[in-house]
């Protein structure tokens, strides 16, 4: 026997089903939250997570490579090429102490591994700024179609940022179209791509990265049941000259309620 | 299909991931942990109680405290309508034998028909109450010489006391060994090993909530406690070689969570380490106060120790000290 | 298509395709990138190296009493790692989801077992956690939930084990919270261990994985104990003050004992100021130098 839904029933049901589909899609639309028909929100306004504030390194990993000077020749874990090994083997502690450039291990690929505090703020609606007390360094993350100015490579390079938002369903399929009426997303990550880097050290004992290195980072926030807020930064350094595969580490920071402990110190080749 | 039916169907789809669950059974406020399909542990009634349920009825190991007996009966009735046939006592502590009388009375002896003489059966079984089996040392502690006051009324005493190191019965087609452990937690400890269920009820020889109570005054000793733990390790079989399949023999401690062999090894190791440290301090000529001040059980104090209550860390160290020095 | 068929098809589409809140597909074979803590995760940490571990005095005392011969005890030869080994160990991860046969919905994510660690089943169906008196087994008990695109799993009912394989013990009262964060073909796992018995504050490790095209087999091999020279009943340990490796980190790396003894302070940047004048220049790496 064939069963039929009456036309009246279908008419009642259809709006419910369509509305449900709209809500589900809208929850995850990218760039959501603007007024209907208005300009899209700025990256600051559209931020799905709040990275601003003070953060402290919690050094539970690679302790003897980060909290103290590692041994000369200790390259555990770094997928170095023979060329990198050759360079690293010439590293000399006394020469480094005497060098006018004490900041080689404070470049973008290794900066977050230096124990210290971060202060993250919005420089403007399109630019997120990170200051570190260790080494007194500043990194600047540009959203949108920012073009790096011409000039030499720098220790912190040029960083382009974008928000990555959660999306439902099959990640192999294109995302659904953004819904301007959807509420702003409350989950997501910051993705930062950094190029134009001046060569430096991945570790203070001379493990090098070259001027050809690029950096990709993901910043995620995790809230624990005891109230702790963690920022986890996954860092991938690629360097065809000195790394035989991308060097991948994840560094964690705990949110601080204030600037207590903020202690700006100059770069040090040994400490 | 009506509109409401469709909406209800969608509701089920949306919430379908949640497993529907019936209301939790009433265990009288106690925690009843299913150990095997036919075996349970009742926690919260004083000492942990082992419960075997089968065609011959219920066998309890331990009876909990007197105050918790009603709750235990509620829990048992939720598990099965079958009567308690045996209570096996594995030590003489109040939180293990306090419920003897009430639980036995609520049960039913297997000797319902003694040569056709029901009256005789009633006389010999405390009014057709369930039997209470226990080592003679337990009977000695619970009873008293004629004319003296007893710690417990007669109906709480073991009705089947034995002197051997091992007593065995078979209930519900399962062999049950009651194995006396001399001079351990006290002078009256046993294990009850259910061979088919692969469960050992250990009493206070194993107590995951505190350092073992070594009742020196009543025959306990640190070496006896270690020997008993070693015996328990032997009895319990770990899930080797397929270590990820199940947990092997279950061990019901006197207090605390359900255990298995590795938990007993952890506890035994703790005893050996503390004993060794105290022994070393004794060799150095330290007295009890000096030894207590040295915190010989420091690695374990946070897990098992206490500064207050009936059994403190210092009391435990004192027991170990006295056991090793022979001082009373 | 008739209106009725359209309605039915739409209903089916919604019923089948209705996503739960931001569920990411974590399934696959994930290769561990042991670029940090390479030695500690692989061959194992140095003896008496608890720097960066927030041990309390009880945890430190337990660790100092530890002898490596413990793992050769016949009773402990098949004593495998807890779920903490996902973070503390070097192994790859194989993950998949289990679905309800009726609804097709994911009721659990599984992190497959590996060598010395049992599978972790992350229940997503809100089932109740076992009683505190329930047994603890090799797998522990894990409940999971989505926070945006991040799968958060909370594991209790674990057996005793190690936070580090040099004696820093983990009690059976520990809770492990594991966050699985996927970015394209990368997976970051952040694991937080809370142990009221041995730690003063939570201990966090974060690890990185990349999607592997090579199919990983997930299985823990069987374990047959052999004789490793420790007789039954003997419990290897060091008496207080007698651990022969107390000065190991200083001798090998110039790291003072104060740091090697661990504790919360060793995790924070200001600790460097405390030990600055006590760190010796140890010279060149002589063992476990990598590459």
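Of all residues in region A:105-121, one or more are touching a strand residue (DSSP E or B) at 6+ places or on another chain (Cβ under 7 Å), surrounded by fewer than 17 Cβ atoms within 10 Å (Cβ to Cβ) and at pLDDT 95 or above.
Scanning region C:40-62 for residues that are under 18 Å from the mean Cα position of the chain (by Cα), in a helix (DSSP H, G or I) and within 14 Å of chain B (Cβ to nearest Cβ) turns up just one, C:59.
If the condition is being part of a helix (DSSP H, G or I), farther than 13 Å from residue B:95 by Cβ and in contact with a helix residue (DSSP H, G or I) (Cβ under 9 Å, 6 or more places away or on another chain), then region B:53-71 contributes only B:70. Here residue A:237 fulfils each of the conditions (1) under 26 Å from residue A:97 (Cβ atoms); (2) under 19 Å from the mean Cα position of the chain (by Cα); (3) surrounded by fewer than 22 Cβ atoms within 10 Å (Cβ to Cβ) apart from (3). Filtering region C:250-265 to residues that are touching a helix residue (DSSP H, G or I) at 6+ places or on another chain (Cβ under 7 Å), within 9 Å of another protein chain (Cβ to nearest Cβ) and assigned to a helix (DSSP H, G or I) leaves C:253, C:259. Residues that are in contact with a helix residue (DSSP H, G or I) (Cβ under 9 Å, 6 or more places away or on another chain) and either modelled with pLDDT of 90 or more or surrounded by fewer than 23 Cβ atoms within 10 Å (Cβ to Cβ) (or both) number at least 3 in the following helices (runs of 4 or more DSSP H) confined to region B:99-146: B:100-106, B:136-142. Does residue A:128 qualify as being over 30 Å from residue A:92 (Cβ atoms), at pLDDT 95 or above and not in a loop (DSSP other than H, G, I, E, B)? For residue A:128, the condition - over 30 Å from residue A:92 (Cβ atoms), at pLDDT 95 or above and not in a loop (DSSP other than H, G, I, E, B) - is met. In region B:182-225, the residue that is farthest from residue C:135 (Cα to Cα) out of those that are touching a residue at least 40 places away in the same chain (Cβ under 8 Å) and out of contact with any helix residue (DSSP H, G or I) (no Cβ under 9 Å at 6 or more places or on another chain) is B:217.
The residues of region A:71-104 that are closer than 23 Å to residue A:195 by Cα, touching a strand residue (DSSP E or B) at 6+ places or on another chain (Cβ under 6 Å), outside any loop (DSSP other than H, G, I, E, B) and within 14 Å of another protein chain (Cβ to nearest Cβ), listed by number, are A:84, A:87, A:88. Check whether at least one residue in region B:299-315 is touching a helix residue (DSSP H, G or I) at 6+ places or on another chain (Cβ under 7 Å), within 10 Å of another protein chain (Cβ to nearest Cβ) and outside any helix (DSSP H, G or I), and report yes or no. Yes, region B:299-315 has at least one match. Residues that are away from chain C (no Cβ under 11 Å) and either at pLDDT 95 or above or surrounded by fewer than 21 Cβ atoms within 10 Å (Cβ to Cβ) (or both) do not occur anywhere in region B:260-276.
Report whether or not residue B:186 is within 19 Å of residue B:48 (Cα to Cα) and assigned to a strand (DSSP E or B). No; evaluated as a whole, the condition is false for this residue.
For region C:127-156, what are the residues that are part of a loop (DSSP other than H, G, I, E, B) and either within 24 Å of residue C:66 (Cβ to Cβ) or within 14 Å of chain A (Cβ to nearest Cβ) (or both)? C:129, C:136, C:138, C:140, C:148, C:149 - these are the residues of region C:127-156 that are part of a loop (DSSP other than H, G, I, E, B) and either within 24 Å of residue C:66 (Cβ to Cβ) or within 14 Å of chain A (Cβ to nearest Cβ) (or both). The number of residues in region C:266-280 being under 21 Å from residue A:134 (Cβ atoms) and assigned to a loop (DSSP other than H, G, I, E, B) comes to 4.
For region A:252-267, the condition holds for no residue, the condition being that it is under 20 Å from the mean Cα position of the chain (by Cα), in a loop (DSSP other than H, G, I, E, B) and more than 10 Å from chain C (Cβ to nearest Cβ).
The values are calculated or read from the model by the stated rules, or taken from the named source; none is laboratory data. What you see is a predicted model, and the numbers here were worked out from it, not measured in a lab. Cβ sites come from the backbone with ideal geometry, for glycine too, and all protein chains shown count toward neighbours.
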